[in-house]
Amino acid sequence: MAHYQIAVVVGSLRNDSFNKKLSAALQKLFPADFGFIEVRIDDLPPYNQDDDGQPCTQVTRLKGEISAAHGVLFVTPEYNRSIPGVLKNAIDHASRPYGQSAWNGKPAGVTGASVGPMGTAMAQQHLRNILAYLNMPVLGQPEAFVHHKEGLYDEAGNIGEASKKFLQGWVDAYVAWVKTHA
């Protein structure tokens, strides 16, 4: 049984998502005392404040998974220089009603992959702004803007040798961050 549970929120719904692959590969770099909850966000209705008093089962599930976690790992693509709408929708649902945010105090790690060399830098910055408001301590350094290109993964789906040292360093920093803030 893992000592630290991390809720993993991938901001992409695409079946062959670069960020789903990155999330799976990163999880293999964590120590054995870390476990993961893959948070589902594809079935959430659009956020509507009128529903705060009686959230649907999908929203209750989302808030429960976030609340049960010791930390949150966000792995997001970049759409139009920001985060995907589906990710913002999930964040809004779990932060409401006002004063009952499931995100409050959860140590966060933010990363993402894209085909561009800037590797989701703008999306990550926008996400960090949102998470600061939600009172989530966010790992600031190192940052991990992942360029999805040949060699990022080996044949088994693990992080390839060219990126392994850097991404292991990022994981190690996030592990220490969670242990300090959880």
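A short reminder: the numbers here are calculations on the coordinates, not readings from a lab. This structure is a prediction, so every number in the text was calculated from the model and none was measured. Heads up, the Cβs are rebuilt from the backbone with ideal geometry, glycines too, and the neighbour counts pull from every protein chain shown.
Overview of values
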item: Neighbour-count ranking [beta-carbon atoms within 10 angstrom, fewest first] of Phe30, Phe74; result: Phe30, Phe74
item: DSSP bridge pairs, region 4-181: antiparallel proportion in percent, nearest 5; result: 10 percent
item: J(HN,Hα) series, region 109-116, from Karplus relation 6.51 cos²θ - 1.76 cosθ + 1.60, nearest Hz, glycine and proline x; result: x, 10, 8, x, 10, 8, 6, x
item: Label zone at Lys28 (point 7 Å along Cα-to-Cβ), backbone N below 14 Å, region 81-123; result: none
item: Lysine pairs in the chain with Cα atoms under 23 Å, if 8 or more residues apart or on separate chains; result: 25
item: C-alpha long axis of helix 161-181 to longest principal axis of the chain, angle in °; result: 40 degrees
item: Full-stretch length increase - Gln54, Ala176 - with 0.36 nm per residue and alpha-carbon distance subtracted; result: 40.2 nm
item: Taking Lys149, Lys106 and counting other C-beta atoms within 10 Å, the order from fewest to most; result: Lys149, Lys106
item: Loop sites in region 40-126: trypsin sites (Lys or Arg not before Pro), DSSP, at most 13 other Cβ within 10 Å; result: Arg81
item: Gaussian network model of the chain, springs between alpha carbon atoms under 10 Å - residue of Gln168, Gln27, Gln141 with greatest fluctuation; result: Gln141
